[in-house]
Structure formats: structure tokens, C-alpha cells
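A.B. asks: Please read through the structure below; I'll follow up with questions.
Read-outs throughout are calculated quantities, based only on the coordinates presented, and are distinct from any laboratory measurement. These numbers come from a predicted model, not from an experiment. Don't worry about glycine lacking a Cβ; one is built from the backbone with ideal geometry, like all the others, and counts go over all protein chains shown.
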Amino acid sequence: MFVRTQTNGSRTYLIVVDNVRIDGKVQQRVLHRLGRLDELLATGQLDSLLQSLGRFSEKLAILGAHARGDSITTHSARIGPALIFQRLWQSRSVDAVLAALLKGRRFEFSIERAIFLTVLHRLFSPGSDRAAEKWKDDYAIDGVAGLDLHHLYRAMAWLGEPLDKDQQGGATPFARRTNKDLIEEELFARRRDLFSDLDIVFFDTTSIYFQGEGGETLGQRGHSKDHRPDLKQMVVGMVLDRSGNPICSELWPGNTADVKSLVPIVDRLKSRLGIGSVCIVADRGMISAETLAEVERRKWQYILGVRMRSSTEAKAVVARAGRYAEAHPKSDDPDDPSPLKVKEVWVEDTRRYVVCVNEDQATKDRHDRDAVVASLREALSHGDKSLVGNKGYRKYLRAGGKQFAVDEDKIKEEARYDGKWVLTTNTLLPVSEVALQYKQLWMVEDVFRSMKSLLDTRPVYHKCDETIRGHVFCSFLALLLRKELEDRLARKRWKLEWADVVRDLDNLVAMKIEIDGKSFVFRGQTSGVAGKVFQACGVAPPPVLRSC
């Protein structure tokens with residue numbers, strides 16, 4: 001039904017019509033004649049009619065009040081982040097797991113809501129808990145209105161709270177078991193039926209430095225991967241499955257050596273997560289001769305990187321003659337995997353090695369070395385002995401009499417390693433599969449980069465071990481939700497930039513309007529990629545206008 005004009009001669013009439021189908025054709029049917037348009041306008045009858053009809057339309061009521069200059073109270077809030085990640089929070093059963101662990105505990109506030117707020121803040125505006133407490137005021141998040149800063153601190157402390165002595169079975173030698181461990185294990189158990197088999201897991205570590213003392217025990221000085229040896233740090237270990245889903249994390253004192261962390265991690269996977277057999281994939285920094293011997297003794301499967309330049313056996317493996325098989329051909333498509341060739345080498349029929357070579361990387365390594373050596377030769381022609389302090393130059397220098405000279409033998413030796421890396425494994429996987437599984441370690445490295453930069457886990461200002469563990473674990477939960485969102489987008493074959501997702505969800509605003517004792521909520525448009533995110537998560541945006 002709608003209003004239209006009808007002209008007869010010099011006069012124009014206003015009529016109400018609707019469309020009806022007669023004999024298969026759509027025709028207009030006149031329902032009512034309102035009168036001559038000029039007379040309706042001149043007498044003000046049309047305005048009165050529209051005003052009267054407006055009482056039955058929420059949208060027109062708002063517009064009419066605005067036109068009349070009536071008092072209108074408004075309040076706006078960002079709604080996109082909570083709508084999406086609350087759904088993901090529930091789909092990964094984080095809320096249910098927290099509720100089960102908190103059963104019987106009496107807090108005067110919701111621990112679950114405090115943790116969700118911290119995780120959501122970590123995803124959209126990384127920063128301290130103090131910043132999160134202020135940040136929430138601009139967002140519509142169910143159940144967080146009454147939370148204060150001390151509530152967030154107490155929630156972090158609960159996450160890092162050590163368990164009773166009878167629940168310390170399976171703890172690593174470097175840290176006691178805490179509530180966050182129970183959460184990880186229960187989340188894995190609830191999702192386990194979705195795994196065909198947890199046969200491949202990836203493990204790596206990084207360090208996070210502190211501004212301050214770094215808790216009672218966690219803050220220690222050790223090898224800093226952040227290049228901040230002046231600050232105390234802690235070590236964070238992360239385990240991912242073959243699809244890149246975070247399984248569990250470990251937080252250890254900063255002086256814990258990487259080579260000591262592999263065995264305790266696998267012990268936890270087997271004892272606490274109930275995994276029968278697992279193949280661990282880790283970088284060369286994770287192993288020592290002692291660690292490898294222990295892994296072999298326990299008959300665990302592994303794919304491990306090998307330090308080529310410091311291992312005599314690895315050097316011999318690289319030099320061994322043999323034909324390479326092509327695992328991935330060279331391609332001009334930038335989305336295709338890098339070119340990869342592999343070669344299997346057995347030592348004494350007991351130790352299996354895989355030599356991998358990336359020809360593109362080999363070309364880059366050669367050009368980089370040629371540039372360094374050319375610059376070194378030029379500098380040496382001027383007798384500049386201060387070049388010894390340059391690490392890039394130092395590799396190719398040798399002492400020769402009264403002055404330094406270029407080490408030609410070192411240049412030839414380094415050329416043997418261009419684009420190559422060596423793996424050792426006790427699996428029976430095909431050679432190409434061994435290499436490809438190891439290359440997927442980039443997933444763990446990407447997780448750590450996200451945790452440190454996008455999620456801004458560092459630096460850490462907390463002073464207690466419990467709150468430090470809770471602070472870092474919230475980044476683990478944030479990564480869990482982010483991976484869930486990425487998986488849902490991938491199933492739709494949508495590859496969206498994380499920065500675009502954050503921006504467009506953050507820009508979705510709802511405005512509450514109060515007029516004459518009535519309240520209305522007006523939702524803004526879903527711009528950019530926000531619509532795809534809502535669709536991928538199965539979340540329907542709220543109505544554009546609704547009363548409340």
C-alpha cells in the first residue's frame with residue numbers, strides 16, 4: 001500500500017492505492033481518495049495526517065521529535081566486538097569451562113566476565129588491565145558494567161593460582177600447576193572429538209621481558225630473544241596441533257633453557273591430556289644430545305631441526321652425495337609454497353636425516369654473502385681494522401700477519417649451506433612430508449609474533465607470579481578465539497586482513513535514544529568486512545531500529 005498522485009486536467013489529487021494481481025497481471029486498486037493536493041497542502045491537513053500516522057511508526061516518531069526540537073537523550077556504544085567474540089567464546093566452550101571450575105567458589109563479581117573483558121580488550125586495543133577497565137565504557141559488553149580494576153587483577157590472580165598438592169601431578173620441573181592449566185586441558189577435552197588424531201604437534205618457546213622485578217620467581221635473567229638482556233624475563237612455551245590450534249602453554253622462569261623444556265612438555269601432553277602417541281615437531285634450539293637421548297629412550301616420535309654448522313655429523317650429511325627429490329616445484333604464483341627439494345640420508349642405518357633445499361633462498365643467501373664480502377674487501381683495502389666489531393664481516397675475516405684478510409675457505413664453506421637446512425627424525429613418514437611438517441613451524445612463530453605485537457602481551461608490569469600467569473594466559477585465550485574466527489572465514493574461502501576485521505567491527509555502533517519516556521536503539525551500518533565476519537560466525541546483526 002502506498003500514496004500516489006493522479007492528475008485530471010489541471011488538478012492533481014492524492015490517492016491511496018495498492019497492487020493486486022488480476023488475470024495474471026498486476027494492477028493498481030484505489031483504496032481511498034484523500035483530496036486535491038493543493039488544498040491539502042494549503043490547509044495543513046496533509047501535515048496533520050502525517051503527524052497522526054507518525055504516532056504508529058518508531059522511525060517517524062524520532063524524526064518528528066528531532067524536527068520539532070524536542071529534548072532527545074542519546075548514548076552510543078560499540079557493539080561489534082562483543083557480538084562476534086561472545087559467540088566464539090561460547091562455541092569454544094570457554095564460558096562453560098570457567099563456570100565448571102568456579103562452581104562452589106564465591107566471588108562478589110563474575111570472574112568469567114572479567115576474563116572475557118580482558119581477552120576482548122587484548123584483541124581490539126591491547127594494553128594493560130588498567131586500560132581495559134577504562135576501555136569497556138565505550139563498548140556494549142554484557143555483564144561488565146560493574147567491574148573495577150581490582151576485579152580484573154583478582155581474575156588474573158585466580159587464573160594463575162597454584163592448585164592443591166594433590167593436583168600437582170604432571171607439573172613441569174620449572175612451575176607448579178595452576179587454574180589456567182585446568183582450563184587448557186578441559187578445553188582440549190571438549191574439542192577432542194573434532195580431532196581425527198593428534199599425531200603431529202608443534203612446539204616452540206619465546207621470552208617476554210618485564211618492566212620491574214617480574215614476580216616472586218618468574219622474573220629471571222636468561223637468553224633474551226627480545227634482545228633485552230638488561231631486563232628480567234620469563235619463558236613462554238606454546239604447543240599447536242597440525243592445524244595451528246593452540247593446545248596448551250607453559251610459563252617458566254626466564255633462565256629456563258630451551259633444551260630442557262621439550263621433555264616436560266611431551267610428558268604433560270601424554271599424562272594430562274591423555275594422548276597416547278604424538279610426534280613432536282620442534283626447532284633446532286629445542287634439542288641437545290642429552291635431550292635427544294632421553295627422547296629416544298622413551299621411544300617418542302620426533303621431527304627436529306639440526307644445527308648444521310656446529311654438528312660434525314650434520315656437516316657430513318650435507319656433504320653426502322645423492323639426488324634430491326622435488327617436494328614443491330618453483331611457481332610464479334606468490335600464494336604457492338616456496339620451492340623445495342629434499343634428500344634422505346641414513347647414518348649407520350640407525351639415524352635418519354633429511355636435507356632440504358630452497359633454491360630461491362639459496363640464491364638470496366648467495367647474493368647477500370657476495371654483497372657482504374664485496375663490502376669487506378673494499379673496507380680492507382683502506383686498512384680499517386675496526387671492522388672486526390662488525391658481526392657480518394667478522395665471519396669472513398682471518399688474521400694474517402699485521403693485518404686482516406678475507407677468509408676464502410670460510411666463503412666456500414658457507415656456500416655449501418645456501419638455502420639448506422637439515423632435519424632428523426625417527427618417523428617413517430615420506431621424506432617430503434617430514435620437510436613440509438617442519439616448515440609448518442612458522443605457525444608457532446606467527447603465534448608468538450601475534451602475542452607480542454598484535455596482542456601486546458609485553459612488557460608486563462604485574463608484580464605477582466599469579467597475576468603474571470593470568471595476564472599471559474589471556475593472550476592464549478585471545479589467540480584461541482582469533483584462530484576460531486580465521487577458521488570460520490577460511491571455510492567461507494574469505495581471506496581477510498586482521499586489521500580490517502578489528503577496524504570494521506570496532507566501527508559498528510548502536511545509539512540509544514530516549515524521547516518522551518520512550519527508548520529506541522538505532523544501529524549503524526555494517527561497513528567494510530564486518531558483514532562477512534557476522535555471516536561467517538552465524539551472528540545476525542541487531543535490527544536497524546528497535547524499541548527497548
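A.B. asks: Taking every DSSP beta bridge that has both residues in the chain, what percent is antiparallel when rounded to the nearest 5?
C.D. replies: 90
A.B. asks: Can you compute the modelled spin-label distance between residue 48 and residue 493, with each label point 7 Å from Cα toward Cβ, in nm?
C.D. replies: Label at residue 48, label at residue 493, 6.2 nm between them.
A.B. asks: Shifting gears a bit: Sum up the charges of everything whose Cβ sits under 9 Å from the Cβ of residue 152, counting Lys and Arg as +1 and Asp and Glu as -1, but leave residue 152 out.
C.D. replies: Spelling it out: positives minus negatives among the neighbours equals -1.
A.B. asks: If the viscosity is 0.890 mPa s and the temperature 25 °C, what translational diffusion coefficient in µm²/s does Stokes-Einstein give for the stretch 495-547 when Rh comes from Kirkwood over Cα pairs?
C.D. replies: Estimated via Stokes-Einstein, D reaches 201 µm²/s.
A.B. asks: In addition: Taking amide H positions as placed 1.01 Å from N in the peptide plane, with prolines and chain starts having none, which residues 5 or more places from residue 35, or on another chain, fall under 5 Å of its amide H?
C.D. replies: Residues meeting the criterion, in which the H sits 1.01 Å from N, are 14.
A.B. asks: Once you put a point 7 Å from the Cα of residue 413 and another 7 Å from the Cα of residue 230, both along the Cβ direction, what distance in nm separates them?
C.D. replies: In this crude label model, residue 413 to residue 230 measures out at 3.5 nm.
A.B. asks: In addition: Tell me the relative contact order for the chain as a rounded percent, counting alpha carbon contacts under 8 Å between residues six or more apart.
C.D. replies: For the chain, the relative contact order is 18 percent.
A.B. asks: Next question, about the same structure. On the first, second and third principal axes, largest extent first, how far apart are the outermost C-alpha atoms of the stretch 2-56 in Å?
C.D. replies: Sorted from largest, the Cα extents of the stretch 2-56 read 41, 35, 11 Å.
A.B. asks: Still on this structure: For the chain, take the convex hull of the Cα atoms, compute a quarter of its surface area, and give me that in nm², please.
C.D. replies: Averaging across all directions leaves 42.3 nm² for the Cα convex hull.
A.B. asks: On to the next question. If all Cα-Cα distances of the stretch 263-345 are sorted into 5 Å bins from 0 onward, what percent lands in each bin, rounded to whole numbers?
C.D. replies: 3, 11, 16, 16, 16, 14, 13, 8, 3, 0
A.B. asks: Got the relative contact order for the stretch 2-56 handy, in percent, Cα pairs under 8 Å and 6 or more residues apart?
C.D. replies: Taking the mean separation of contacting Cα pairs over the length of the stretch 2-56, I get 25 percent.
A.B. asks: In the structure displayed, which of 180/225; 103/165; 299/343; 315/495 lie more than 31 Å apart, Cα to Cα?
C.D. replies: 315/495
A.B. asks: Roughly how tilted is helix 359-380, in degrees to the nearest 10 and between 0 and 90, from the longest Cα axis of the chain?
C.D. replies: Tilt relative to the chain: about 60 degrees.
A.B. asks: Excluding residues on the same chain fewer than 8 positions from residue 518, give the aspartates and glutamates whose Cα lies under 16 Å from its Cα.
C.D. replies: Partners found: 58, 70.
A.B. asks: Just to be sure I understand the model, the point goes 7 Å from the Cα along the line to the Cβ. What's the resulting residue 255 to residue 296 distance in nm?
C.D. replies: 3.1
A.B. asks: Mind checking the angle between helix 465-491 and the chain's longest principal axis? C-alpha axes, 0 to 90 degrees, to the nearest 10.
C.D. replies: Helix 465-491 sits at roughly 70 degrees to that axis.
A.B. asks: Also, I was wondering about something else. Kindly put 412, 180, 330 in sequence by how many other C-beta atoms sit within 10 Å of each C-beta, fewest to most.
C.D. replies: Final ranking by Cβ density, sparse to dense: 412, 330, 180.
A.B. asks: While we're looking at this one, here's another question. Report, in deg cm²/dmol and to the nearest 500, the calculated mean residue ellipticity at 222 nm for the chain, where each DSSP H run with n ≥ 4 adds -39500 (n - 2.57) and the sum is divided by the residue count.
C.D. replies: Counting only the DSSP helices, I get -12000 deg cm²/dmol.
A.B. asks: Considering amide H positions built from the backbone, and no H for Pro or chain starts, which residues 5 or more places from residue 248, or on another chain, come under 5 Å of its amide H?
C.D. replies: Those qualifying (amide H under 5 Å, at least 5 residues apart or on another chain) are 239.
A.B. asks: Amide H of residue 397: which non-local residues (sequence gap of 5 or more, or other chain) have their own amide H closer than 5 Å, using H built in the peptide plane?
C.D. replies: Under 5 Å from the amide H of residue 397 lie the amide H atoms of 407, each far enough along the sequence or on another chain.
A.B. asks: Using R₀ = 45 Å, calculate the FRET efficiency as 1/(1 + (r/R₀)^6) where r is the Cβ-Cβ separation of residue 336 and residue 75; round to 0.05.
C.D. replies: Between residue 336 and residue 75 the formula returns 0.35.
A.B. asks: State the extension gain, in nm to one decimal, for the chain segment bounded by residue 134 and residue 99, taking 0.36 nm per residue of separation less the distance between their alpha-carbons.
C.D. replies: 10.1 nm
A.B. asks: Suppose the chain between residue 313 and residue 442 were pulled fully straight at 0.36 nm per residue; how much longer would it get relative to their current alpha carbon spacing?
C.D. replies: Taking residue 313 through residue 442 to full extension adds about 43.9 nm, to one decimal.
A.B. asks: Per residue Cα convex hull volume for the stretch 134-233, in cubic angstrom?
C.D. replies: 210
A.B. asks: Right, next: Kindly put 346, 158 in sequence by how many other C-beta atoms sit within 10 Å of each C-beta, fewest to most.
C.D. replies: Final ranking by Cβ density, sparse to dense: 346, 158.
A.B. asks: Additional query: Relative to the first principal axis of the alpha-carbon coordinates of the chain, what is the inclination of helix 179-191, with its axis defined by its Cα atoms, in degrees from 0 to 90 and to the nearest 10?
C.D. replies: The angle comes out at about 70 degrees.
A.B. asks: Taking the Cβ of residue 508 as the center, what net charge do the other residues with Cβ under 12 Å away carry, scoring Lys and Arg +1 and Asp and Glu -1?
C.D. replies: Combined, the nearby Lys, Arg, Asp and Glu give +1.
A.B. asks: Based only on other Cβ atoms within 10 Å, what is the fewest-to-most ordering of 250, 296?
C.D. replies: 296, 250
A.B. asks: Rank 76, 149, 287 by how far each Cα sits towards the positive end of the charge dipole of the chain (+1 on Lys, Arg Cβ; -1 on Asp, Glu Cβ) and give me just the farthest.
C.D. replies: Value: 76.
A.B. asks: Follow-up. So for each of 22-35, 493-506, 99-112 I average, over its residues, the number of other beta carbons within 10 Å; can you give me the resulting order with the highest mean first?
C.D. replies: 493-506, 99-112, 22-35
A.B. asks: Counting Lys and Arg as +1 and Asp and Glu as -1, what is the net charge of the other residues whose Cβ lies under 13 Å from the Cβ of residue 10?
C.D. replies: It works out to a net charge of +1.
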